[in-house]
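What follows is a set of notes on a single structure, which appears directly below.
The values are calculated or read from the model by the stated rules, or taken from the named source; none is laboratory data. Just so it is clear, the model here is predicted, and its values are computed rather than measured. Methodologically, a virtual Cβ is constructed for each residue, glycine included, from the backbone with ideal geometry; neighbour enumeration extends over all protein chains shown. SASA here: full protein model, heavy atoms, side chains in, ligands and nucleic acids out. Shrake-Rupley method; radii C 1.70, N 1.55, O 1.52, S 1.80 Å.
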Amino acid sequence: MPVPLNPQLDTLSDYPFESLRMLLNPVTPRTNDVPIAMSVGEPQHQPPALLTETLAKHAHEWNKYPLMQGTPELREACADWLTARYGLPAGSVHWERNVLTLAGTKEGLFMLAGLVVPRRKGGGPPIVLVPNPYYLAYNGAATMAGAEAVFLDATAANHFMPDLAMIPEATLERTALFYLCSPANPQGTVASLDYLKQAITLARRYNFVLAVDECYAEIYDAVKPAGALEACAALGEGFENVVVFHSLSKRSSAAGLRSGFVAGDPGLIGPFQHLRSYGGCQVPLPVQAAATALWRDEAHVVENRAKYRRKFDIAEATIAGRFGFYRPDGGFFLWLDVGDGEEAALRLWRDAAIRVLPGGYTARDGGSGVNPGQQYIRLAIVHDDPTLEDAFDRIRRVL
Ligand SMILES: Cc1ncc(COP(=O)(O)O)c(C=O)c1O
């Protein structure tokens, strides 16, 4: 007899890359073109040499158990970076009170729900608000923490950011946690400072946690995205009820380093540190040293951003005016309206050897009767320029 499993697992049937494999793997492309994977949001540039140089300098530290919460040097580098990046009042982010390092943000985003979802909230079962489309860790975290995930559609009609005014009062009362992503994966929308202030005000009024996933904050087009801690400062108060997540995966093209951090409300960071001492992932000391060096260096980030701008120039030159093309404010995805995302993904694979993600795989019908991603495909604009030129020529030919 099989051992009983946590029944909540049954709701985690949404791993997008498994669905993509099932859709595309039975199909062999009819073309000799070299396959191009635009389905995965993985940076294709190499990180700066600073990373490997610093790892080498700290090679004698692999024998040591690292501090779970991160070295003071790394936490200070994160605090200084936040302060400079968002123009925060000097001293308002303190490395010990406000910052915890993570082994990449995914595990921290997931574990946060275990920290802040109580058994009941507002007289009923707790709710976690999830933007729809969403990054899969949000839904996984909500579900495994025993909460009801309530999906907030982010569509063209609301400029791809959940409409805060449309969340019913009864839902807000039961809300324990709200995951927001800005710049958003997949649509690339950036929440304005005003929007963030409104979300923070709601979090405080209804006493829930606002977790803003800002891991694409350093890849932007014309305007530097505002951040949730900046919005807290603009409201003139502390960081109560708010945490932000930042990562080196995209900023420094170092997804393999597994390094990020969470920062914000000291009333959450302290208990988070306590919880993580039971089951968090420790980050090796050489990795923490490399992360410290990367957060203290901006030159490679400026270069990286310029490369992404060129990639979007290529996309714009080839497909502007089609598939509802718009140049995203941030992030490195294109979110194209192709009518039927699965059908377009199949056609692109079969006739052009290009893998893209059907938008419906990163969203769900949250009760409206419509999956808001269904008519879209998501393309990661991460390859070198000649590969992208080739890819967009094929896309134009086939779609
Ligand atoms: C929106 C979003 N948040 C968080 C992550 C996790 O990034 P990491 O764990 O590499 O920091 C990703 C990775 O793709 C992402 O797209």
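Summary of computed values
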quantity: Length released on extending from Arg310 to Gln273, taking residue separation times 0.36 nm less the Cα-Cα span; calculated: 9.3 nm
quantity: Separation between Cα centres of the range 305-323 and the range 48-78, rounded to whole Å; calculated: 36 Å
quantity: The range 148-162 - phi-based ³J(HN,Hα) in whole Hz, Karplus 6.51/-1.76/1.60, Gly and Pro as x; calculated: 8, 7, 10, 8, 9, 5, 10, 10, 4, 5, 10, 6, 6, 9, x
quantity: Positive-end extreme of charge dipole, the chain - chosen from Leu12, Ala353, Ala263 (charges on Cβ); calculated: Leu12
quantity: Inter-probe distance in nm under a simple model that places probes 7 Å from Cα toward Cβ, at Arg120 and Val40; calculated: 4.6 nm
quantity: For the range 1-146: rounded, prolate or oblate by the Cα gyration tensor [a/c cutoff 1.5]; calculated: oblate
quantity: Computed FRET value (nearest 0.05) for Leu50 with Ala320, which takes r as the C-beta separation and R₀ as 30 Å; calculated: 0.25
quantity: Distance between modelled label sites at His159 and Leu67, nm, 7 Å Cα→Cβ extension; calculated: 4.2 nm
quantity: Normalised per residue, the volume of the convex hull around the Cα set of the chain (Å³); calculated: 160 Å³
quantity: Whole-angstrom gap from the range 96-125 to the range 1-35, using each part's C-alpha centre; calculated: 28 Å
quantity: Under 27 Å from the Cα of Lys250 - lysines, other chains or at least 8 residues apart; calculated: Lys57, Lys106, Lys197, Lys224, Lys307, Lys311
quantity: Extension gain from Gln8 to Asn207, taking 0.36 nm per residue of separation minus the Cα-Cα distance; calculated: 69.1 nm
quantity: Beta bridges per DSSP with both ends in the chain, % antiparallel, nearest 5; calculated: 45 percent
quantity: Global form of the range 101-251, assessed from the alpha-carbon gyration tensor, a/c cut-off 1.5; calculated: rounded
quantity: Estimated D of the range 1-47 in µm² per second, where Rh is the Kirkwood radius over Cα pairs and Stokes-Einstein applies at 20 °C, 1.002 mPa s; calculated: 147 µm²/s
quantity: Percent accessible area from carbon and sulfur atoms, the chain, protein chains only, probe 1.4 Å; calculated: 54 percent
quantity: Under the Karplus curve 6.51 cos²θ - 1.76 cosθ + 1.60, θ = phi - 60°, whole-Hz ³J(HN,Hα) for the range 252-263, x wherever Gly or Pro sits; calculated: 10, 6, 10, 4, x, 6, 6, 8, x, 8, 10, 8
quantity: Isotropically averaged projected area of the range 285-346, using the convex hull of Cα atoms (one quarter of hull area), nm²; calculated: 6.5 nm²
quantity: For the range 180-325, alpha-carbon Rg relative to the globular expectation (2.2 N^0.38 Å, N residues); calculated: 1.18
quantity: For the range 336-385: accessible area per residue (Å², 1.4 Å); calculated: 33 Å²
quantity: Accessible heavy-atom area order of Leu399, Leu196, highest first, probe of 1.4 Å; calculated: Leu399, Leu196
quantity: Rg and Dmax of the range 257-363, Cα atoms only, in Å; calculated: 20.1, 54
quantity: Label point distance in nm, Asp80-Asp385, each placed 7 Å from Cα along Cα→Cβ; calculated: 3.4 nm
